[in-house]
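*Asks:* First the structure, then my questions, so here it is.
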Amino acid sequence: MTTATVTPPPPPSTTTTTAAAPAAAAKPAKPAAAAPTTESPLPTDTQLFLRSLHLREAGQPLFFAAVTVLLCMPDLFDLASPASVLPAAVRGVLADVPGLGAALGHVHAASLALRAMWASMVEYWGVEGFMTIALFLWTTALYWTHALLLGVLDVSLRFPSTALGRFALAHKIQDGKLVSSRDWVKCALVVLRNQVFINIPYGLVLFKYAYPAALQYHHGLSTAAAATSWAASLPSAATVARDLAICAGIEELLFYSSHRLFHWGPLYRAFHKQHHEFTAPVGLAATYAHPVEHLLSNLTPVLGGIVLFAMHPFSALVWVTLAITTTVHTHSGYELFGWPSARKHDWHHYAFIYQFGVSGVVDTFFGTDGGDRYRRYVHKYDQRVAAVKSGAMDADEAERKFQ
């Protein structure tokens with residue numbers, strides 16, 4: 001895409017990006033394997049994995065886990081309930097803590113109220129209405145809200161002297177690259193096209209026909225009334241955790257394989273090249289893609305597990321919310337506290353030939369994680385952030401030094 005940077009203009013001998021149509025842009029070049037700096041060693045695979053478990057990168061999934069426990073385990077907060085998973089001795093000790101019993105009582109009441117709200121919502125929509133209409137409205141609103149909030153950071157990059165601009169520069173992985181207003185509009189129109197003309201009909205096919213058949217096969221639910229009664233009762237937290245693990249595994253395998261296939265020359269030129277017009281992506285561009293790619297590589301990996309295993313609508317809601325917020329953020333190019341790291345997919349758009357999956361597990365297995373090239377990419381960002389946090393440099397200076 002047409003980009004600019006917030007750094008001073010390059011020397012006359014440097015080739016700059018023109019305003020030509022993005023589709024005519026050349027394929028991103030493989031980055032040079034620059035020698036690591038001597039200030040500190042490159043992060044190891046173990047260190048990168050441990051970072052992904054830290055609160056600064058795991059806050060989002062932990063939040064979803066807390067919401068699931070709150071709604072699906074109400075007895076956990078009722079110290080007088082024999083159905084609690086806590087042993088009686090533990091409940092007795094907690095009950096003796098001043099004020100704790102009353103606080104947990106409020107949480108228990110909130111849990112019961114939320115469960116009643118869920119039942120009312122499912123009974124209002126019905127399973128088919130919830131899965132085809134409510135889920136589409138929720139995910140679409142969520143996508144645009146999250147993408148536009150991240151877009152505020154992107155706009156602030158144009159004002160690097162402001163507090164928000166400095167914050168954005170310090171957390172942007174690819175050195176504050178800017179997207180032109182023309183490309184913002186083009187991106188928004190493509191995303192909207194995919195949501196209206198691909199998401200809606202595909203969702204209708206999946207959840208009006210395939211999902212009911214799966215419900216009958218897996219759960220013996222042959223009528224709409226029976227399905228609604230089943231869905232109105234929330235599943236256990238263990239069931240939700242199992243469903244999320246299955247969905248994550250299916251998404252990883254299907255997205256990696258389809259994504260890597262779309263990087264095969266003929267398919268890349270026909271379909272995937274459009275998505276790679278953004279070499280430094282933004283959150284809104286998560287589904288900026290050819291309709292064929294959007295159907296096969298974006299939607300099917302996310303929705304496949306829900307339909308194949310006839311998962312509970314609550315599991316479906318939690319999963320698609322988690323999946324959409326994750327894909328929007330990992331396209332944002334920002335490292336923000338509490339959110340999964342955008343490093344892997346940002347590196348994919350930068351380097352083109354690495355990090356085809358979501359979690360990195362399959363990439364590591366097949367040797368497409370980028371190795372030392374990827375670790376140097378992360379190392380450069382870490383150095384820039386450390387320099388700004390320590391006060392040794394401002395965001396502009398750190399950006400120029402660690403390009």
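The values are calculated or read from the model by the stated rules, or taken from the named source; none is laboratory data. In this text, all values refer to a predicted model and were calculated from it rather than measured experimentally. When we count neighbours, we look across all protein chains shown, and the Cβ atoms used for this are built from the backbone with ideal geometry, even at glycine. For accessibility, only protein heavy atoms count, side chains too; no ligands or nucleic acids. Shrake-Rupley method; radii C 1.70, N 1.55, O 1.52, S 1.80 Å.
*Asks:* Based on the Kirkwood radius over alpha-carbon pairs, what is the Stokes-Einstein translational diffusion coefficient of the stretch 72-157 at 4 °C with 1.567 mPa s viscosity, in µm²/s?
*Replies:* Translational D for this selection: 79 µm²/s.
*Asks:* Given a cut-off of under 8 Å on Cα pairs at least six residues apart, what relative contact order in percent is computed for the stretch 86-177?
*Replies:* 10 percent
*Asks:* Oh, and also: How large is ³J(HN,Hα), in whole Hz, for each residue of the stretch 191-203 in order, when computed from phi with the Karplus curve 6.51 cos²θ - 1.76 cosθ + 1.60 and θ = phi - 60°, using x for Gly and Pro?
*Replies:* 4, 4, 4, 5, 5, 7, 9, 10, 4, 5, x, 5, x
*Asks:* Tabulate in residue order the Karplus-calculated ³J(HN,Hα) for the stretch 103-119, using 6.51 cos²θ - 1.76 cosθ + 1.60 with θ = phi - 60°, rounded to whole Hz; enter x for Gly and Pro.
*Replies:* 5, 5, x, 5, 5, 4, 5, 5, 4, 5, 5, 5, 5, 5, 4, 4, 4
*Asks:* Would you mind putting 348-355, 56-63, 253-260 in packing order, based on average other-beta-carbon counts within 10 Å, highest first?
*Replies:* With the highest mean Cβ count within 10 Å placed first, the list reads 348-355, 253-260, 56-63.
*Asks:* Only four residue types carry charge here, +1 at the Cβ of Lys and Arg and -1 at the Cβ of Asp and Glu. Report the dipole size of the chain about the Cα centre in Debye, rounded to the nearest 20.
*Replies:* 920 debye
*Asks:* Applying 1/(1 + (r/R0)^6) with R0 = 45 Å to the Cβ-Cβ distance of HIS54 and TYR124, what FRET efficiency is obtained, to the nearest 0.05?
*Replies:* For R0 = 45 Å, the calculated efficiency reads 0.65.
*Asks:* Pull out the extension gain between THR46 and HIS218, defined as 0.36 nm times the separation in residues minus the alpha carbon to alpha carbon distance; nm, one decimal.
*Replies:* In short, 58.0 nm is gained.
*Asks:* Same structure, new question: Which percent of the accessible heavy-atom area of the chain goes to carbon and sulfur, probe 1.4 angstrom?
*Replies:* Summing carbon and sulfur atoms, their accessible area is 69 percent of the total for the chain.
*Asks:* Let me ask something else about it. Report, largest value first, the span of the C-alpha coordinates of the stretch 231-329 along each principal axis, in whole Å.
*Replies:* 47, 24, 18
*Asks:* How high is the FRET efficiency from SER236 to ASP96, r the C-beta distance, R0 51 Å, rounded to 0.05?
*Replies:* Efficiency at R0 = 51 Å is approximately 0.95.
*Asks:* Order 307-319, 227-239, 107-119 from most to least packed using the mean count of other Cβ atoms within 10 Å.
*Replies:* Top to bottom by mean Cβ count within 10 Å: 307-319, 227-239, 107-119.
*Asks:* Follow-up. Assuming R0 = 22 Å, can you tell me the calculated FRET efficiency for the pair LEU189 and PHE64, based on Cβ-Cβ distance, to the nearest 0.05?
*Replies:* The calculated FRET efficiency here is 0.10.
*Asks:* Please list 3J(HN,Hα) in residue order for the stretch 154-159, calculated via the Karplus relation 6.51 cos²θ - 1.76 cosθ + 1.60 where θ = phi - 60°; whole Hz, with x for glycine and proline.
*Replies:* The phi angles translate into 4, 5, 5, 4, 6, 10 Hz.
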